[in-house]
Structures are given as structure tokens and as C-alpha cells.
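Accompanying notes for the structure given below.
Bear in mind that the values in this text are calculations on the coordinates, not laboratory data. These figures come from a predicted structure and were not determined experimentally. A quick note on method: Cβ atoms are made from the backbone with ideal geometry, for glycine too, and the neighbour counts reach across all protein chains shown.
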Amino acid sequence: MEILTIILFSLAINLDNLTLGLLYGINKVKISLFYQILIVFITTLGTIISMVFGKLISKYYLEEISSIIGFIILLVIGIVTIVKYKHETRIEEQAIKYLPKISLKEIIFVSLFLSINNIGIGIGFSLHGFNIFYTLISTVIIGYVLLIIGLYIGNNFKLKIIEKYESLITGIIIIILAIMQFII
């Protein structure tokens, strides 16, 4: 059950990579292998650092309290993500509209932005005691695969519906994770 939860977590935090790939693909912006790896590295690093921070926090609280805090953090983030999904403006969209060619600076900026989105989720998830190493492996693989899928679909199809509902799907997955961990 832990592996399934880690996979769902990795999927939820990496849906932004799918959207990013779609945005770049739709605009026919080529991302080199180095930039692809850099995006996945920076976003994964942000998530893992937040999980380590969550582990440190959990050492100062009883396991039951840490689990409840993790549940509340995930639930609140999931609900907020669903509520704001209609009102958000994507920084990635703005960057792509004005930059005909991708730069290292843009890649770093977008990757850091995506990492910041994952901080609260990473802390909440780690408070449940999940294995950081397995989460790291899952996050790298799923993050890269979703980025590549997004680039492929964006280059070959015009699927704005995925972009439109990405935050809603992320919020629902996070809430499901919170509920699963509260029940189990």
C-alpha cells in the first residue's frame, strides 16, 4: 500500500511537469535533454528537501500527532488547490508567450516555481513517515515521464483540457492521499 501511495503522491506533485511539457510542446519550444533533466532535478530536490524538513519536524512530535498534522496539511492544500484552480494564472504560460527560445535562466525559474508548489505537500507527506528514498525514485521517474508525455502531446496535439483541469486533478489526488493516510 505504501508504494501505491508514493506513486500517487509522485503523480500529484508532478502533474505540473505534464502541463509544462504541454505548454512548451504546443508552442513548439524545444527543450534539450539537459534542460529536461534539470527541470526534474530541481523539482525533485525541492520536494525531497521539504520531506526531510517534515521528517525533522516529526521527531519532535508523537507519531499520532505528526500523522494528524500531515493529514491536515495535505487536506488543506488539496482543498485550496481545487478552489483556486479556476483563478490561477500560470507563470509558465506567461514565460512561454514572451520567450521564443528557452534559456537556462527560464528553466531554473520555472523549476524553482514548481518546487515551491511542492513544499507544503512534501512536508505533509513526510509527516506520515513515508520512505524518502522510494519517494525520490518515484518522483524522478514520474516527473520525467510526465514531462516527456507533455512535450510529445503538446508537439502533436492541441489538448487544452489537460491544462485546464491539472490543478483540479492534483487537488483531488492530494485529498485522496490525505484521506488514505488518515484511515490507514
* Structure fact -> Going residue by residue through the stretch 3-15, the Karplus relation 6.51 cos²θ - 1.76 cosθ + 1.60 with θ = phi - 60° gives ³J(HN,Hα) values, rounded to whole Hz and with x marking Gly or Pro, of 5, 4, 5, 5, 5, 4, 4, 4, 5, 4, 7, 9, 4
* Asked: Full extension from TYR60 to TYR165: what is 0.36 nm times the residue separation minus their Cα-Cα distance, to one decimal in nm?
  -> 34.0 nm
* Structure fact -> Footprinting proxy, TYR152, TYR60: sorted fewest to most Cβ within 10 Å, the residues are TYR60, TYR152
* Structure fact -> The summed charge of the ILE123 Cβ neighbourhood (under 15 Å; Lys/Arg +1, Asp/Glu -1) stands at +2
* Output ³J(HN,Hα) for the stretch 47-52: one whole-Hz value per residue in order, computed from phi by the Karplus curve 6.51 cos²θ - 1.76 cosθ + 1.60 with θ = phi - 60°, and x for Gly and Pro. => 5, 5, 4, 5, 5, 4
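In what order do GLU106, GLU2 fall by count of nearby beta-carbon atoms within 10 Å, going from fewest to most?
Listing GLU106, GLU2 from fewest to most nearby Cβ atoms yields GLU2, GLU106.
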* To do: Figure the gain on full extension for VAL76 and LEU104 (residue separation times 0.36 nm, minus the Cα-Cα span) and round it to one decimal in nm.
  => 6.7 nm
